[in-house]
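As structure tokens, the structure follows; a few thoughts come after it.
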Amino acid sequence: MFRTSKKCNKALDLLKVISSKSWGADYFSLQKIYKSLILSKLDYCSIVYGSAAKTVLQSLDSVHHQGLRIISGAFRTSPVQSLYVITGELLLQLRRDKQCIKYYFKVKGNRRHPMYDRMLNPIFGLLYANKPSCIPPFGHRIREILSTALKALCPCQRRNLLLGAILISAQ
């Protein structure tokens, strides 16, 4: 994780040089460079390091925020939420959750996948429920991610999604 943030900081230095006020690149060019140099590194293996401690993940969040400030030209004191609105980027936690959900459905669609049984039937559920200091494995984390995603939907979307899942599983 620290190696990733160090590599991203080097890429941020390059982005700072390119984004000079008098002769620098425009917003769209900076955004493309940011996505290719930094976001690709932050997204790579995000499924695995999504279970890391919150303090470690916050160090990656600060790299992300610094990159958003550079490409938008915002001040260092500008609020993080406004950076997300200006740039149209997602929070890193939401990006990690999105990657996890994509991986979950990829594994769920392939019964021969080595993670199929471990993900759909995770073991030691009570251990992780009663001991919050233990970091739960992917099978438990994805259940939490999916339940929060379902709660965020309005009731009609939830009903349509569940009906679609029932129809697909019946086939």
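Things to note:
- Looking at the range 40-114, the chymotrypsin sites (Phe, Trp or Tyr not before Pro) that sit in a DSSP loop and have at most 14 other Cβ atoms within 10 Å of their own Cβ are TYR44, PHE75.
- Only Lys, Arg (+1) and Asp, Glu (-1) charged, at Cβ; the range 1-89 dipole about Cα centre in debye: 260 debye
- Potential extension, ARG76-LYS7 segment - 0.36 nm per residue separation minus Cα distance: 22.7 nm
- Summarising the label geometry, the points placed 7 Å from Cα in the beta-carbon direction at ASP43 and GLN93 lie 2.1 nm from one another.
- Between the residues GLN31, PRO114, GLY88, the greatest Cα displacement towards the positive end of the dipole of the chain, with unit charges on the Cβ of Lys, Arg, Asp and Glu, is found for PRO114.
- Tail fraction, Cα-Cα pairs, the chain, threshold 26 Å, whole percent: 43 percent
- Dipole magnitude for the chain: computed about the Cα centre from +1 point charges on Lys and Arg Cβ and -1 point charges on Asp and Glu Cβ, it is near 280 debye.
- Modelled label positions at ASN110 and SER22, each set 7 Å beyond Cα in the direction of Cβ, lie 5.4 nm from each other.
- Zero-based 5 Å bins, Cα pair distances in the range 17-108, whole percents: 3, 12, 22, 22, 18, 11, 7, 3, 1, 0, 0
No lab work stands behind these numbers, since they all come straight from the coordinates. Everything numeric in this text was worked out from a predicted model, so none of it was measured. Please note: Cβ atoms are built from the backbone with ideal geometry, for glycine as well, and neighbour counts cover all protein chains shown.
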